[in-house]
Amino acid sequence: MGFRKDFMWGGATAANQYEGGYRDGGKGIAVQDVITGGDGRNGVPRRMCLKYADGTTGIIDRREEVPAGAVPYIDENTYYPSHVATDFYHHYKEDIALFAEMGFKSFRLSINWTRIFPNGDETEPNEEGLQFYDDVFDEMLKYGIEPQVTIVHFDLPLHLATEYEGWYNRKTIDFYMNYVEAIFQRYKHKVKYWKTFNEINFCRDYTNLGITEAQSRPDKVEQAVWHLFVAAAKTVIRGHEINPDFMIGQMINENEYYTEDCNPKAAWQRVVDKRAREFYTDVQNKGYYPEWKLIELKNKGIEIKKEPGDDEILRKGTVDYIGFSYYSTSVSSVREDVEKTASNLESAVKNPYLKANDWGWQIDPMGLRLILNELWSRYHKPLWIVENGIGAIDVVEEDGSIHDPYRIDYMRDHIKAMKAAVVEDGVDLMGYMPWGCIDLVSAGTGEMRKRYGFIYVDMDDDGNGDLHRARKDSFFWYKKVIETNGEDLD
Ligand code: BGP
């Protein structure tokens, strides 16, 4: 008894963090292209240069509110890590050969929306962009690697943000569906596994929604989130019309919460913390908003503007499987003086039982087993771990070798936890796709030094490096794990 025979071992990436070539082949500018690097451990955030409505310029923390009328721009004297990233655009053959050497069954990548529709509102797709992914998928299929595509991974054409207010505008659903139609039609015989919006529960800021005043206008954010759900459900419906074999999943960030003690108030806080995520899994799996959310919106005086048929679309467009990322866990507490630590894209409460990586993300394999059990018992749909891993500083030895036992330890413990969920708890798990299987730019901090890969890429935080690839110790370890379908974890 172990993992299923067709278990999808592989790895995951995203275009804006990996691909580079940011103006090659007719690519347009995405919101991610105007976001600078940062320094996670020294509190330097990723930022955005803005031109304000009154003609002045400034720079803000990308998590801050973008005021109405302000427009992000690319500053010539600023370094933008996504512009080259780790250059999959020019290295895809070499990289896919390395994935094949490890024995990958599947590889997760995202398509750059602006490669296909440079501004987002064109009627015809950019042929050069389409051809690039054709070449990439052909290269993968040559080695028997199943492509797994995230349609939108923290990605939005900048033009849709500045001219239309992004997802707040209903028209963006149509622009997005043009993009979906183009890639579904083009790749319907090459790609079976799709995901709509990466970590849809984190898509509430300017970067993802393209709306100004995201912090002070929760009504705009809720309207935009409604549009995301309608768009995601339409994707499922249209995808199944085009190819009934398509498997179209959701992608959510998961993070278990523990109660700090047996204080009943902390137990209630846990319900509140958890359902902020369950909202997204409920909508995309059950096809409607949960009661508590409707009450919350009513109490805030927010009325979602729907079009006739929207509710029906949500009900019909539920997903085929649940893809999720898992890195870390948090604690639900009602104390004000509680100690905080970093976690992905949000902060967490510190858990004294857990160790953390250099960026403070707490390491918790048991949390993964809990999440797998919860999702399985709540929805009974196939699950797929599409991100997991540890960001760490790797050292290249004089002889070029890279010893990363911390990465192997992290993964071994997480694979053991998922195996227990499969073998002892009966969870239906489709696969395991460690994040950043090849080094790439950190989404949260914009750093290169926060590395996740089995494959090292010579590139630093300031854009220095010759981009050569090198196998880390974990490369050989993971190869053996795949060869033995997860039996040999030593
Ligand atoms: C998830 C994102 C990824 C990835 C990962 C690691 O939230 O889906 O894009 O980057 O987190 O986070 P970071 O890059 O900040 O270490």
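Adding -39500 (n - 2.57) for every DSSP H run of four residues or longer, then dividing by how many residues the chain holds, sets the calculated 222 nm ellipticity at -11500 deg cm²/dmol.
May I ask you to sort Cys49, Cys262 by Cβ crowding, counting other Cβ atoms within 10 Å and putting the fewest first? Numbers along the way, then the final one.
Details: Cys49 19, Cys262 7.
Least to most surrounded, the residues fall as Cys262, Cys49.
Residue pairs exceeding 24 angstrom between C-alpha atoms, taken from Lys286/Lys340; Lys195/Lys316; Lys340/Lys450; Lys305/Lys381: Lys286/Lys340; Lys305/Lys381. Placing unit charges on the Cβ atoms only, positive for Lys and Arg and negative for Asp and Glu, gives segment 346-425 a dipole magnitude near 580 debye about its Cα centre.
Dividing the mean sequence gap of close Cα pairs (under 8 Å, 6+ apart) by how many residues the chain holds gives a relative contact order of 18 percent. Annotation: the residues Ser330, Ser377, Ser474, sorted from fewest to most other C-beta atoms within 10 Å of their own C-beta, follow the order Ser377, Ser330, Ser474. The charge dipole of the chain, taken about its Cα centre with unit charges on the Cβ atoms of Lys, Arg (+1), Asp and Glu (-1) only, comes to about 1440 debye.
Dividing the alpha-carbon radius of gyration of segment 333-474 by the rule-of-thumb value 2.2 N^0.38 Å gives 1.18.
Cα convex hull, the chain: 151 Å³ per residue, rounded to a whole number.
Spacing of the modelled spin labels on Asn299 and Thr78, each 7 Å from Cα toward Cβ, amounts to 3.8 nm.
Among the trypsin sites (Lys or Arg not before Pro) in segment 249-314, those placed in a DSSP loop whose Cβ has at most 12 other Cβ atoms within 10 Å are Lys300, Lys305.
Residues His380, His414, His83 in ascending order of nearby Cβ atoms (within 10 Å, fewest first): His380, His83, His414.
None of the figures in this text is laboratory data; all of them are computed from the coordinates on show. Note that the structure is a prediction, hence the values are computed from the model and not measured. Ideal geometry is used to build each Cβ from the backbone, glycine not excepted, and the neighbour counts take in all protein chains shown.
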